[in-house]
């Protein structure tokens, strides 16, 4: 387990009195590692990070490889280590959690209803959201995100309170593998963890991004390469407008290198990370005795195949048309990928390192921003502080 806080910070916080009712875990379940943060909510919609850890699985977390006992032991040991270090005795742990990326699905549908009154009500809006969920029978729906509202066939930003007889909504639904969801949900209950919301990583990222200073007209296209999954999603006015998920990632490139170049997986990973640069041929250690051109061709062929899959998705062209720039996330992009993508997509491309200081824990930190922005968890404060709120951002999201 790797702690990224200094010993001085840990020593100070251990001696400080923590408000246990304001302690929240954010748990980011990637496909190759588990990222856990313990933080304390503060007044004025702020928080303080107490501890953060990255725990490798030693494999990939997918439905086929899912090992409930192993995951339970990892979480139990992590909670116990953190809580013992800070002298905590938590009878109930509160948390937000992202699930392994490779199992998300998206669908955009339109639902409509006739108003019983001459004014559109909040209840009618909720009824349509529930109707959308019912149409996705057999899928565990995590999010229902309204993209557009129409009152009497005219588009509007917020229909509630407007005069009209018919309400229609275009809604994006984000679903998840039901088996894996139920397994993890029961596991959290067994560990005494009350999960306030299971959040898809794009929503965690957008809430992180909302709390950063950036031009509101940015509308970035996000391209994230993880170990066993890739996803690309578009934004508009700081909202998620579409989402593409592929159950493949940079580990497939590692396996390609191992097979074609006849090296072991550890060497293949090292070659991929240290010696592949799309625009500069590097000279590897002489002891490796590899064909640098072959290595480059293997990596670029698979990377561009990933891009082909994304570009073939029916939603991609619309997403790209809305974007003003591309942001690269994840550790799977070969060096100088931003140059290749800028030439290919005709948009400015920004690598992660140039944008985010919290890159290793981006989704985990985004989770607490999600909770704060959507009022899932609020700190216990004094009566004097209770009336003061300075809400930085509100994401249009279902909490029904």
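A few comments on the model shown:
- Out of 91, 102, sole residue that is within 30 Å of residue 37 (Cα to Cα), modelled with pLDDT under 85 and exposed (fewer than 15 other Cβ atoms within 10 Å of the Cβ): 91
- Which listed residue, of 247, 202, is touching a strand residue (DSSP E or B) at 6+ places or on another chain (Cβ under 9 Å), buried (at least 21 other Cβ atoms within 10 Å of the Cβ) and closer than 23 Å to residue 60 by Cα: 202
- Criterion (in contact with a helix residue (DSSP H, G or I) (Cβ under 9 Å, 6 or more places away or on another chain) and over 30 Å from residue 104 (Cβ atoms)) met by exactly one of 115, 168: 115
- Residue in the range 51-73 that is surrounded by the fewest Cβ atoms within 10 Å (Cβ to Cβ), counting only those that are over 21 Å from the mean Cα position of the chain (by Cα) and touching a residue at least 40 places away in the same chain (Cβ under 8 Å): 68
- Test: residue in the range 53-64 that is outside the structural domain of residue 18 (by TED's automatic domain parsing), in a strand (DSSP E or B) and on the phi < 0 side of the Ramachandran plot: no
- Selection status of residue 180, at pLDDT 85 or above, under 30 Å from residue 265 (Cα atoms) and either part of a loop (DSSP other than H, G, I, E, B) or more than 14 Å from the chain's Cα centre (by Cα) (or both): yes
- Taking residues in the range 79-98 that are assigned by TED's automatic domain parsing to the domain that holds residue 39, and partners anywhere that are surrounded by fewer than 10 Cβ atoms within 10 Å (Cβ to Cβ), the pairs with Cβ atoms closer than 8 Å and at least 6 places apart or on different chains are 83/89.
- Any hit, the range 341-351, residues being touching a strand residue (DSSP E or B) at 6+ places or on another chain (Cβ under 8 Å) and either modelled with pLDDT under 85 or at positive phi (or both): yes
- Test: residue in the range 218-237 that is without any contact (Cβ under 8 Å) to a residue 12 or more places away in the chain and under 20 Å from residue 349 (Cβ atoms): no
- When 271, 240, 210, 221 are checked against the criterion of being surrounded by 17 or more Cβ atoms within 10 Å (Cβ to Cβ) and either assigned by TED's automatic domain parsing to the domain that holds residue 118 or at pLDDT below 85 (or both), a single residue qualifies: 210.
- Residue list for the range 116-146, filter: in a strand (DSSP E or B) and over 20 Å from residue 161 (Cβ atoms): 140, 141, 142, 143, 144, 145
- Verdict on residue 138 being surrounded by fewer than 14 Cβ atoms within 10 Å (Cβ to Cβ), more than 21 Å from residue 243 (Cβ to Cβ) and not assigned by TED's automatic domain parsing to the domain that holds residue 64: no
- The lone criterion from (1) under 18 Å from residue 369 (Cβ atoms); (2) buried (at least 21 other Cβ atoms within 10 Å of the Cβ) left unmet by residue 43 is number (2).
- Just one of the listed residues (113, 91) is farther than 26 Å from residue 314 by Cβ and not in a strand (DSSP E or B), and it is 91.
- Residue check for residue 5: modelled with pLDDT of 90 or more and closer than 30 Å to residue 70 by Cβ: no
- Only one entry in 376, 368 is surrounded by 16 or more Cβ atoms within 10 Å (Cβ to Cβ), modelled with pLDDT under 95, in a loop (DSSP other than H, G, I, E, B) and in contact with a strand residue (DSSP E or B) (Cβ under 9 Å, 6 or more places away or on another chain), namely 376.
- Failed item, numbered, when residue 189 is tested on (1) without any contact (Cβ under 8 Å) to a residue 12 or more places away in the chain; (2) assigned to a strand (DSSP E or B): (2)
The values are calculated or read from the model by the stated rules, or taken from the named source; none is laboratory data. Computed from a predicted structure; not experimentally measured. With ideal geometry, Cβ positions are generated from the backbone for all residues, glycine too; neighbour counts draw on all protein chains shown.
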